[in-house]
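Trainee: Here you go, one structure.
Taken together, the values in this text are just the output of simple stated rules run on the coordinates, not laboratory data. Predicted model, so just to flag it, every value in this text is computed and none were measured. Every residue, glycine as well, gets a Cβ built from its backbone with ideal geometry; the counts of neighbours run over all protein chains shown.
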Amino acid sequence: MKEIEIRMATPNDADGIASLCHHLGYPCQPNEARKRLDRSQRENSTRANIVAASQGRVVAWIEVLLRDTIAADVFGEIDGLIVDEELRGGGIGSRLVEEACKWVRQRGAQRLRVRSNVTREHAHSFYGRLGFRPVKNQVVMDRPLDQDV
Ligand SMILES: CC(C)(COP(=O)(O)OP(=O)(O)OC[C@H]1O[C@@H](n2cnc3c(N)ncnc32)[C@H](O)[C@@H]1OP(=O)(O)O)[C@@H](O)C(=O)NCCC(=O)NCCS
């Protein structure tokens, strides 16, 4: 396999990340991704976007947030993780999760959480192998704010 570089994302990685998001079923325009990456860099004490690149091309991406609330000790949470379909099974996803763990640990948190759609069974076994254990099931609900209830 070609050499893989793991590094913090920059706004120039927006196109690559947007195209990975598309594959996961989350349409994201490159200009939107660029704005979000810009914002993420300004909030870099609580957010990190880490990419894997091969010959300058983004082939995988992980976003991790630091959750610091009144109700719980500070913990990290994976908010997105995608590896290019053609490169799966080569250890890139595991490397990104390890980088996320390192980033979170360096900020004093003792725990990394991921919420994953119940349909993503492959991802659940992937996370299980990396030491994640189920702690609860949740119902996720949205309220659109542009409509009357
Ligand atoms: C889940 C996902 C991120 C895993 O990334 P990946 O790079 O394929 O992960 P790894 O290669 O580190 O590990 C995956 C598998 O390859 C195996 N593997 C790890 N290193 C390997 C290596 N050097 N050679 C061959 N196989 C290897 C692992 O045992 C694991 O087995 P599994 O298929 O039974 O899970 C990737 O499949 C993906 O992007 N899926 C779609 C998006 C998604 O579901 N994201 C998670 C949302 S919560």
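Trainee: So who's got an amide H within less than 5 Å of the one on Gly80, skipping anything under 5 residues away but keeping other chains? H placed 1.01 Å off N, in plane.
Mentor: Distant-sequence amide H within range of Gly80: Glu63.
Trainee: Taking the Cβ-Cβ separation of Glu86 and Glu32 as r and a Förster radius of 22 Å, what is the calculated FRET efficiency to the nearest 0.05?
Mentor: Details: r = 25 Å, r/R0 = 1.12.
So, using R0 = 22 Å, E works out to roughly 0.35.
Trainee: GNM, the chain, Cα, under 10 Å: largest mean-square fluctuation among Asp15, Asp84, Asp68?
Mentor: Asp68
Trainee: Using only Cα atoms, what is the ratio of the radius of gyration of the chain to 2.2 N^0.38 Å?
Mentor: Working: Rg = 15.8 Å, N = 149, 2.2 N^0.38 = 14.7 Å.
Expressed relative to 2.2 N^0.38 Å, the Cα Rg reads 1.07.
Trainee: Rank Lys102, Lys35, Lys136 by mean-square fluctuation in a GNM of the chain with C-alpha springs under 10 angstrom and give only the top-ranked residue.
Mentor: Residue with maximal mean-square fluctuation among Lys102, Lys35, Lys136: Lys136.
Trainee: Let me ask something else about it. Report the calculated FRET efficiency for Ser54 and Leu24 (r = Cβ-Cβ distance, R0 = 25 Å), to the nearest 0.05. Can you show the working numbers first?
Mentor: On the way: r = 19 Å, r/R0 = 0.75.
After rounding to 0.05, the efficiency reads 0.85.
Trainee: Using 0.36 nm per residue, how much length does the chain from His122 to Gln110 gain when fully extended, once their Cα-Cα distance is taken away? Each step should come with its number before you reach the end.
Mentor: Working: separation 12, 0.36 × 12 = 4.32 nm, distance 2.54 nm.
1.8 nm is the gain from fully extending His122 to Gln110.
Trainee: Can you list the HN-Hα couplings for the range 23-35, worked out from phi with the Karplus curve (6.51, -1.76, 1.60; θ = phi - 60°), rounded to whole Hz and with x for Gly and Pro?
Mentor: Values per residue, Gly and Pro as x: 5, 8, x, 10, x, 8, 6, x, 5, 5, 4, 5, 4 Hz.
Trainee: Can you list the cysteines of the chain that have no other Cys Cβ under 4.7 Å away?
Mentor: Within the chain, the cysteines lacking a partner Cβ under 4.7 Å are Cys101.
Trainee: So for the pair Glu3, Val140, with labels modelled 7 Å out along Cα→Cβ, what separation do we get in nm?
Mentor: 3.7
Trainee: Using modelled backbone amide H atoms (1.01 Å from N, in-plane), which distant-in-sequence or interchain residues come within less than 5 Å of Cys28's amide H?
Mentor: Counting only residues 5 or more places away or on other chains, the set is His22.
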